Every structure is written in C-alpha cells, then in structure tokens.
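I am attaching a structure below and will ask some questions about it afterwards.
The values are calculated or read from the model by the stated rules, or taken from the named source; none is laboratory data. Model, not experiment: these values are computed from the prediction. Cβ atoms come from the backbone with ideal geometry, glycine included; neighbour counts cover every protein chain shown. Just so you know, the surface numbers come from the protein's heavy atoms only, side chains and all, with ligands and any DNA or RNA stripped out. Shrake-Rupley method; radii C 1.70, N 1.55, O 1.52, S 1.80 Å.
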Amino acid sequence: MEHIISVDQLTKRYKDLTAVDHISFQVRPGEIFGILGPNGAGKTTTLEMMEGLKVITEGDAVINGISVKQHPRQVKHIIGVQLQSSSFYDLMNLKELLEFFGSLYGRKVDGMALLTKVELADKWKSRAKELSGGQRQRLSIAVALVNDPLVIFLDEPTTGLDPQARRHLWALVRDIQKAGTTLILTTHYMEEAEVLCDRIAIMDSAKIIAQDTPTGLLKLIEQKATIKFQVKNHLDIAPLKQLAAATDVNRMKDTITISTSHVQDTLKGLIEYDLTHPVHFTDLQVHEVNLEDVFLNLTGKTLRD
Ligand SMILES: Nc1ncnc2c1ncn2[C@@H]1O[C@H](COP(=O)(O)OP(=O)(O)O)[C@@H](O)[C@H]1O
Ligand SMILES: [Mg+2]
C-alpha cells in the first residue's frame with residue numbers, strides 16, 4: 001500500500017469561521033508526518049476530524065481504506081489517540097488504568113509491558129496526578145497504544161515540556177515508528193518538526209501552505225544562511241550588497257545581517273572587502289536557515305506569535 005492515510009479537501013466550518021479549509025495530504029505507512037503551524041492554524045481541528053471526533057464539513061480522510069466520514073466509529077479501532085492528561089482517572093494506578101482503557105476496546109492489555117515501553121514501569125503503582133509533565137505525556141502515549149493501533153495521533157505532545165523531557169519523548173516517538181506504527185503529530189516547534197518528522201505539512205490560517213520533507217522545505221527559499229556581525233564604525237552597506245551570493249543586507253543599529261545563498265562565497269568576499277576597506281567587524285555568526293525562516297518567508301510572520 002502506497003498510502004495508509006489519504007486526506008482529500010478536508011474542511012471544517014463553524015458558522016462564519018473556516019477552521020480547516022480544503023486541505024489535502026497523504027501519509028505513507030511507517031512515516032512520522034508532522035503538521036507544523038502557529039496557534040489557531042487548525043491543527044487540532046484537522047486531527048479531531050481525522051480521528052472521527054469532530055464532524056467533517058466537507059472532504060474526507062481515508063485511513064487504511066476506511067472513510068472517516070462514512071465510518072467514524074470503525075476508524076477508532078485502528079487508530080490510537082493521545083488523551084489530554086488532565087482527564088486521567090486518578091482512582092486507579094497506572095497499570096490498572098492502562099488495563100482499564102484496554103478493556104474499553106475489548107482487549108486484554110499487559111499494563112506492565114506497556115509501561116515498560118514508555119519507561120514508566122517503576123511508576124506502575126502511582127496515580128496519573130503524581131507524575132511530572134513529561135511522564136504524563138509518556139503515559140498518554142501508552143494509552144494511545146492500548147489497542148495496538150496502525151496509526152497514532154499526537155497533538156502537540158511536547159508543548160510545555162523542558163528540553164530534556166522533550167528529547168525523551170522524541171526517542172519514544174522514534175521507538176514507536178521503529179515498531180512499524182505510522183505517526184501523525186502536530187507541533188508549533190520548528191525544531192521538533194525538523195528533527196522528528198519524515199514529512200511536514202506547514203499549516204497557517206486553516207490552509208496547508210507547503211508540504212515536503214524537512215530538506216525539501218528548506219530548499220523553498222533561495223537564502224541558505226545569514227551572516228551576522230557587529231560594526232562600531234559607520235559603514236556604508238551598499239557595497240556589501242555586491243558580495244558574491246549575497247541576497248540581502250540589513251542594518252539594525254550596530255548589527256549587519258547579510259542573507260546569502262552560499263555562505264563560503266559570501267564570507268570570502270567579505271574578508272577580501274575588509275582587506276581594502278577595513279570593516280572592523282566583531283562577533284561574526286553564521287546562522288543556517290531553518291523551518292522558522294521558511295515559515296517567515298512564506299507567510300511574512302514568525303511561527304511563535
Ligand atoms: N468548537 C469550536 N467552535 C468555533 N471555533 C472553533 C472551535 N474549535 C476551534 N475553533 C477555531 O478554529 C480555529 C482553529 O483552531 P485549532 O484547530 O484548535 O488550531 P490549532 O490546534 O492549530 O491551534 C481557531 O480559530 C479556533 O478558535
Ligand atoms: Mg491545537
């Protein structure tokens with residue numbers, strides 16, 4: 001099977017607001033597919049329609065041959081959904097909780113085995129409310145795994161986690177992928193999308209504005225890097241625009257930023273220029289473009305609001 005998920009013209013309208021506007025994408029089996037976008041872009045609404053939790057206004061999502069629009073209940077058997085941690089039932093310990101969720105699917109679940117998978121085996125006697133933020137997110141992933149799903153949906157799984165807990169969760173997501181499961185996740189962290197996802201759809205204002213591999217998305221913009229440095233003296237920036245491969249030059253107070261499509265060529269030119277017209281630059285930094293720059297380039301605004 002080439003695609004396990006096929007989303008076609010998926011749309012959600014609330015009265016006068018279109019939360020998701022005719023989006024289409026496909027996911028291959030075993031992929032980690034990311035939906036990257038700022039708050040309010042329509043990521044959660046997209047996921048909830050695909051999960052059969054929200055009524056689809058227009059279009060459809062087909063998961064493993066099942067149309068979500070026609071069979072929203074049937075789809076629930078083959079997908080795993082990460083529940084919001086706040087709703088966990090605190091009367092049971094973690095092992096009992098997972099076995100309880102399994103029973104909702106008519107399955108006999110080995111709670112300890114699942115807890116081991118998400119590295120919470122030593123916490124099996126705890127209640128959900130006693131866990132740290134990162135542990136709770138790992139528990140919610142264990143819950144998503146109880147029915148041994150083909151596809152797992154994770155909605156902003158690392159929002160609010162510290163960097164260490166975030167990396168821990170990335171490792172878990174990769175383990176799940178290695179076991180053959182397809183993952184769809186949303187995030188507003190470009191770094192997360194870049195390091196974790198095989199392919200990414202960038203979403204903004206209800207629409208997908210670009211989709212590709214992380215490398216493919218970075219190729220969308222001509223600029224490959226920015227070169228930044230400080231100058232103390234007055235410096236005419238006009239000649240810097242003539243440097244090899246420079247695509248743009250800006251000055252903000254004492255900071256000069258040169259955008260370039262080829263770092264080495266521009267740097268070489270800058271040093272040669274400095275030999276004849278001393279620039280006296282300090283704090284030279286080279287910043288490779290990332291998805292944040294791609295987003296800025298496509299939308300004119302930053303990912304973080
Ligand atoms: N139940 C609802 N009724 C009306 N508008 C909603 C509802 N749920 C979400 N929205 C609106 O839909 C848009 C997309 O929301 P959402 O999918 O939650 O975005 P994201 O997850 O990317 O932050 C937002 O403008 C939000 O306010
Ligand atoms: Mg959301």
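Which residues, taken from the range 274-305, are within 20 Å of the chain's Cα centre (by Cα) and among the aliphatic types (A, V, I, L, M)?
Of all residues in the range 274-305, those within 20 Å of the chain's Cα centre (by Cα) come to 288-305.
The answer is VAL289, LEU291, VAL294, LEU296, LEU298, LEU303.
Next up: Output yes when any residue across the range 83-92 is in contact (Cβ under 8 Å) with a residue 60 or more places away in the chain and either out of contact with any Phe, Trp or Tyr (no Cβ under 6 Å at 6 or more places or on another chain) or in a loop (DSSP other than H, G, I, E, B) (or both), and no when none is.
Scanning the range 83-92, I find at least one residue that is in contact (Cβ under 8 Å) with a residue 60 or more places away in the chain and either out of contact with any Phe, Trp or Tyr (no Cβ under 6 Å at 6 or more places or on another chain) or in a loop (DSSP other than H, G, I, E, B) (or both), so the answer is yes.
Yes or no: GLU31 within 16 Å of ligand 2 (Cβ to nearest atom), out of contact with any helix residue (DSSP H, G or I) (no Cβ under 6 Å at 6 or more places or on another chain) and in the same structural domain as ASP175 (by TED's automatic domain parsing)?
No, not satisfied.
Could you look through the range 139-164, keep only residues that are surrounded by fewer than 18 Cβ atoms within 10 Å (Cβ to Cβ) and assigned to a helix (DSSP H, G or I), and pick out the one that is farthest from ligand 2 (Cβ to nearest atom)?
GLN164
For the range 171-179, does any single residue satisfy the condition of being at pLDDT below 95, open to solvent by 40 Å² or more (accessible area, probe 1.4 Å), within 17 Å of the chain's Cα centre (by Cα) and at negative phi?
No, the range 171-179 has no match at all.
Could you check ILE79 against (1) open to solvent by less than 70 Å² (accessible area, probe 1.4 Å); (2) touching a residue at least 24 places away in the same chain (Cβ under 8 Å); (3) under 21 Å from ASP155 (Cα atoms); (4) within 16 Å of ligand 1 (Cβ to nearest atom) and say which number it fails?
It is condition (4) that ILE79 fails.
Next question, about the same structure. Just to be sure I understand the filter: pairs with C-beta atoms under 8 Å, separated by 6 or more residues or on different chains, first member in the range 28-56 and open to solvent by 10 Å² or more (accessible area, probe 1.4 Å), second member more than 10 Å from ligand 1 (Cβ to nearest atom) and hydroxyl-bearing (Ser, Thr, Tyr). Which pairs pass?
ARG28/THR182; PRO29/THR182; GLY30/THR181; GLY30/THR182; GLU31/THR182; ILE56/THR11
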